[in-house]
Amino acid sequence: ADEETPTASGRVFAAPSARRLARELGVDIGSIDGSGPGGRVSEHDVRAAAEDAKEVDEEGSDSPE
Amino acid sequence: MVVGDVTTGTDVLIIGAGPGGYVAAIRAGQLDLDVTLVEKEAYGGTCLNHGCIPSKALISATDVAHDASTAEEMGIHADPAVDLAGMVSWKDDVVDQLTSGVEKLCKANGVNLVEGRAEFAGENTVRVAHAGEGQGSETIEFEHAIVATGSRPMAIPNFEFDGERIISSREALALDAVPESLVVVGAGYIGMELSTVFAKLGTDVTVVEMLDSALPAYEDDVARVVKSRAEELGIDFHFGEGASEWVESGDGITIKTEDEDGEISEFGAEKALVAVGREPVTDTLNLDAIGLATDEGGFLETDDRARTDVENVFAVGDVAGEPMLAHKGMKEGEVAVEVIAGEPSALDYQSVPAAVFTDPEIGTVGMTEEEAEEAGFSTVVGEMPMRASGRALTLGESDGFVRVVADDDAGFILGAQIVAPEASELIAELGLAVEMGATLEDVAATIHTHPTLGEAVMEAVENARDRAIHTLNR
Amino acid sequence: MVVGDVTTGTDVLIIGAGPGGYVAAIRAGQLDLDVTLVEKEAYGGTCLNHGCIPSKALISATDVAHDASTAEEMGIHADPAVDLAGMVSWKDDVVDQLTSGVEKLCKANGVNLVEGRAEFAGENTVRVAHAGEGQGSETIEFEHAIVATGSRPMAIPNFEFDGERIISSREALALDAVPESLVVVGAGYIGMELSTVFAKLGTDVTVVEMLDSALPAYEDDVARVVKSRAEELGIDFHFGEGASEWVESGDGITIKTEDEDGEISEFGAEKALVAVGREPVTDTLNLDAIGLATDEGGFLETDDRARTDVENVFAVGDVAGEPMLAHKGMKEGEVAVEVIAGEPSALDYQSVPAAVFTDPEIGTVGMTEEEAEEAGFSTVVGEMPMRASGRALTLGESDGFVRVVADDDAGFILGAQIVAPEASELIAELGLAVEMGATLEDVAATIHTHPTLGEAVMEAVENARDRAIHTLNR
Ligand SMILES: Cc1cc2nc3c(=O)[nH]c(=O)nc-3n(C[C@H](O)[C@H](O)[C@H](O)COP(=O)(O)OP(=O)(O)OC[C@H]3O[C@@H](n4cnc5c(N)ncnc54)[C@H](O)[C@@H]3O)c2cc1C
Ligand SMILES: Cc1cc2nc3c(=O)[nH]c(=O)nc-3n(C[C@H](O)[C@H](O)[C@H](O)COP(=O)(O)OP(=O)(O)OC[C@H]3O[C@@H](n4cnc5c(N)ncnc54)[C@H](O)[C@@H]3O)c2cc1C
């Protein structure tokens, strides 16, 4: 990820509904690169991030111990 | 167990039926939780009975009379007579409608209502003393408790409230005659709102403020608009002075103030209204019984789920800290209950808007320019003076301005400061903008109805983009 | 070329300095275009001189007097005297401030101002006849032209405007004495706004409307709130009747109306105000010279860049069609110029909000429930009655409601209808919500200041989610 965060103070720009969805899906909204103007995080971005995380998880558990 | 005690149980016990508590209770009922709400005095708490609602009722009513009496320029000649007792009784009717509404809404949502004073008796119990002698008490066991006991006016040394000479906002909102003169100690929002009301009713108002400006919580240029208007209304300001003592004198009292050099001034008045702040009501709850301590100011610290340090105990509203505003408490009440119900709720809002119902009003949300810079944003600011607003001119009220603060990179709107007629309403759009992560362009591209004060919001945003139409861009 | 003619050239020529034209001109100046604005009468057009601004000024001023005279319940006893000539002269001052402001803003932005009546003379030229005899004329060559000539009141057969007995809104806004009685033909927004003003000033008002309701452009339950209040103010409605003729009778006139069965009624009055709609001003432009034709209604058809069928000619404001509202014209003016300047602008807004400044006001944006269903959405609707709003009660104005319409799947807010005090301002937040694609949850999660009318917006949204606190959810 970019070292230079686009927003000061770790502020995430996202609608309340996207923020709630992130909590519901257990993803850290601050770690998502938003696709909206200026990097605004949409519900769609949150779902995609949750999917990615799940895939990583599944790959992890699929891999032989 | 004391003889005569009844023990009942509840899933969610809420202490205090102010905005924090009653909203929590109604939401709990909606979520099918077994909920009990204990209130010792009156449904609606400070806000409905002695705060937000009565103050706004008197402000609005006073304005009706005052506006008509100062509208000669508009071709209106009127000399209204105000019967304050009548106005206060109308205000009481408004309060009654709302508090009985709260009671009905609680019942309709299945909330168990208990009248009495609660204190913690053990880790999972409160004792409720019913009002009136011999009315007994009851013990209630709870799974979760929400403390929503609100705040009370702060007194200053030598100025104990007696309800007659030295009054708090509560008595000021229930006077039956207009005082000839009034010293108001404290130029915060409550002091300024009430000073304005009484000045418009004809009282000789003197405001004494320890700090060096009116509404010291606000930026200078915002506060200045209100202060200038207040001075036009005849309010006399004394800054840098603290009220030190008072004595009876003739029909009234004399209030002494002291500045930092120890210089004494004296002000004669019929009464003194002390409005220097409010303190949380947590000392009467026997918090020890649940092993909970307050911070130095008496507030309960909470996390982003409105939880205190004790796992099953939540705190909402004024007891949970600044800003001590009704709508902050309501949101905390909702979140506390939703968290108890297992919903993914949190106090993750960007900002609590605030309004001051002076003349003109103030409405703010999010960060000031200075706060945004401190937070590391490079900022861009846009302003629109109300004297360039067509709607403001048609209302005959063109003092003030709208300011928006945005981040200079992506244009995200970070905050707004409005001092203008209806600022309390105008701030709503910018509140949504801040929560949504809207940009200057988003608000600028939204068509705003003509002629409205809300167009000034759009113009301020356009000004930040050097594209305002009705004001010069610089 | 006629003797005495001067020929000059300009990049962007704008005809008409109403909201469509002057906004286009200022934006053109900002974008460093060489721009010329031709106006035959007064800067600001209908809106500033004879429409939005004067009507809102008289509405607001009248309310100041009327509110005070009907506030006994609030303990206020007043019997204001209104001097209409004085009120109208105050209104004229407001208009003057704004129109001279427009002139200054145009100049400050480098707009060439030309006074006179323009008509097309060839594909790239207009001829401007200067006002006053012997003032000559000039020819101006243009690269791009923007037609912003606005609209005029529509007359009905047998009711030619004479400015005395049969008047339009223009004269109604400039009377120097309150008429004893007035027949208002047409219950659209202009008719209803002016009926309310005169009823409050004490005129005996009769409204005659061809269709079967007041404000027929609005939903029944919205219009009903305004109509009930109007009836309380003493306005007498006659629906399903068209004004067919009038005669002088004694001091006044008698207006005859006819219903669809041919039944005749008669109404005596001092004057009749005909407010049955407005028609675009395109017939005086010699459009043939540029090969442009209007549609049947006289409007110019435009695409989403505000372009007419002739490539370098744009049309904005009332001439470009419904809704004939100032803010729609302003947006079109901006877009036309930005397109000329090569910016990627378009008329891509979701909705033009609209307000009616009756008592209470109406504010709407986006789709009604019916429109949303027709557009294929499955909808969810939320409402909040104003009588449950604390702020409304403190204002003593609790008629009306806020309604939001959302799509039932994702919760996107599609539209809102508000009939309430300050509805014109409250609609702004929902306008932003509609433009941003905000959901019910987004608005519900945004903290709204207490006590404000804006909380009713939040409650309506919460009601759509079965989570309203201050009203029952059903
Ligand atoms: C004059 C004035 C004007 C104001 N104007 C505004 C305004 O315009 N906007 C705004 O947002 N805020 C305003 N406020 C602040 C607002 O009133 C408070 O922020 C709000 O009331 C806090 O709500 P709460 O639920 O925390 O507590 P409160 O409203 O104080 O309610 C607490 C309730 O708990 C009860 N209680 C306390 N202890 C016990 C106990 N042991 N057992 C049982 N019951 C108990 C009390 O009787 C009370 O009813 C104003 C305040 C004042 C004084
Ligand atoms: C009583 C009333 C109340 C209203 N209230 C509202 C309201 O509250 N909100 C709202 O949004 N709208 C309101 N309207 C409608 C609003 O006034 C119009 O939508 C708006 O004025 C349209 O702007 P425009 O620029 O298209 O035209 P106009 O404002 O009509 O301006 C056109 C200008 O073009 C000039 N012109 C015409 N022909 C020529 C020519 N050949 N050469 C040179 N100049 C020419 C005219 O003199 C005029 O100045 C109201 C209208 C009326 C009558």
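What to note about this one:
- When every residue of the range C:169-176 is checked against the conditions, none turns out to be open to solvent by less than 10 Å² (accessible area, probe 1.4 Å), closer than 18 Å to C:V419 by Cα and of a type outside the set (S, T, Y).
- Only one entry in C:F142, C:F161, C:F120 is at negative phi, away from ligand 1 (no atom under 16 Å from the Cβ) and not assigned by TED's automatic domain parsing to the domain that holds C:A306, namely C:F161.
- Taking the criterion of being more than 24 Å from B:H450 (Cβ to Cβ) and either buried (at least 23 other Cβ atoms within 10 Å of the Cβ) or not small (G, A, S) (or both), the residues of the range C:362-385 that qualify are C:E369, C:E370, C:E373, C:E374, C:F377, C:T379, C:V380, C:V381, C:G382, C:E383, C:M384, C:P385.
- A single member of C:A155, C:A78, C:A61 is open to solvent by 10 Å² or more (accessible area, probe 1.4 Å), under 30 Å from C:I255 (Cα atoms) and away from ligand 2 (no atom under 11 Å from the Cβ), and it is C:A155.
- Test: residue in the range C:77-96 that is of a type in the set (V, I, T), more than 30 Å from C:P179 (Cβ to Cβ) and out of contact with any Ser or Thr (no Cβ under 6 Å at 6 or more places or on another chain): no
- Leading residue by the ranking (nearest to C:M436 (Cα to Cα)) among those in the range C:394-414 that are in a strand (DSSP E or B) and away from every other protein chain (no Cβ under 14 Å): C:L414
- For the range B:386-416, the set of residues classified as surrounded by fewer than 20 Cβ atoms within 10 Å (Cβ to Cβ) and within 30 Å of C:K56 (Cα to Cα) consists of B:R387, B:G396, B:D399, listed by residue number.
- Checking B:T254, B:T282 one by one, the residue that is within 21 Å of the chain's Cα centre (by Cα) and either in a strand (DSSP E or B) or hydroxyl-bearing (S, T, Y) (or both) is B:T282 and no other.
- Residues satisfying the stated conditions in the range C:441-458, i.e. assigned to a helix (DSSP H, G or I) and either of a type in the set (S, T, N, Q) or open to solvent by 10 Å² or more (accessible area, probe 1.4 Å) (or both): C:E441, C:A445, C:E455, C:M458
- In the set (1) in contact (Cβ under 8 Å) with a residue 24 or more places away in the chain; (2) within 17 Å of the chain's Cα centre (by Cα); (3) under 21 Å from C:T452 (Cα atoms); (4) in a helix (DSSP H, G or I), B:V319 fails one condition alone, (3).
- Residue in the range C:11-30 that is assigned to a strand (DSSP E or B), of a type in the set (D, E) and within 15 Å of ligand 2 (Cβ to nearest atom) present: no
- Note on the range C:188-224: residues that are within 14 Å of ligand 2 (Cβ to nearest atom), more than 14 Å from chain B (Cβ to nearest Cβ) and over 22 Å from C:V402 (Cβ atoms) total 6.
- Checking C:N124 against (1) within 10 Å of another protein chain (Cβ to nearest Cβ); (2) open to solvent by 50 Å² or more (accessible area, probe 1.4 Å); (3) over 23 Å from the mean Cα position of the chain (by Cα); (4) not aromatic (F, W, Y), the condition it does not meet: (1)
- Members of the range B:26-35 found to be within 10 Å of another protein chain (Cβ to nearest Cβ) and more than 15 Å from ligand 1 (Cβ to nearest atom), listed by number: B:Q30, B:L31
- Meets criteria (assigned to a loop (DSSP other than H, G, I, E, B) and open to solvent by less than 50 Å² (accessible area, probe 1.4 Å)) for B:I140: no
- Some residue of the range B:352-362 being in contact with a Phe, Trp or Tyr (Cβ under 6 Å, 6 or more places away or on another chain), away from chain A (no Cβ under 14 Å) and under 17 Å from B:V402 (Cα atoms): yes
- Filter result (more than 27 Å from B:M210 (Cα to Cα) and within 22 Å of the chain's Cα centre (by Cα)) within the range B:285-302: B:L300, B:E301, B:T302
- Check on B:S137, under 19 Å from the mean Cα position of the chain (by Cα) and either within 15 Å of ligand 1 (Cβ to nearest atom) or within 14 Å of chain C (Cβ to nearest Cβ) (or both): no
- Members of the range C:243-272 that are without any contact (Cβ under 8 Å) to a residue 60 or more places away in the chain and touching a strand residue (DSSP E or B) at 6+ places or on another chain (Cβ under 7 Å): C:V247, C:S249, C:T254, C:K256, C:T257, C:E258, C:D259, C:I264, C:S265, C:E266
- Being among the β-branched types (V, I, T), open to solvent by 30 Å² or more (accessible area, probe 1.4 Å) and more than 16 Å from ligand 1 (Cβ to nearest atom) holds for only one residue in C:V6, C:V38, C:V23, and it is C:V6.
- Looking only at residues in the range B:173-222 that are acidic (D, E) and touching a Pro at 6+ places or on another chain (Cβ under 9 Å), the one that is farthest from B:T70 (Cα to Cα) is B:E209.
- When C:G298, C:G317 are checked against the criterion of being crowded, with 21+ Cβ neighbours inside 10 Å, on the phi > 0 side of the Ramachandran plot and within 13 Å of ligand 2 (Cβ to nearest atom), C:G317 stands alone in meeting it.
- Pairs, first more than 9 Å from chain B (Cβ to nearest Cβ) in the range C:39-56, second basic (K, R) and surrounded by fewer than 24 Cβ atoms within 10 Å (Cβ to Cβ), C-beta under 6 Å, six or more apart: C:K40/C:R117; C:H50/C:R170
- Selection count, the range C:229-251, where residues are surrounded by fewer than 16 Cβ atoms within 10 Å (Cβ to Cβ), among the aliphatic types (A, V, I, L, M) and assigned to a helix (DSSP H, G or I): 0
The values are calculated or read from the model by the stated rules, or taken from the named source; none is laboratory data. Everything numeric in this text was worked out from a predicted model, so none of it was measured. Every residue, glycine among them, receives a Cβ derived from its backbone with ideal geometry; neighbour counts consider all protein chains shown. Just the protein is used for accessible areas: all its heavy atoms, side chains included, with ligands, DNA and RNA removed. Shrake-Rupley method; radii C 1.70, N 1.55, O 1.52, S 1.80 Å.
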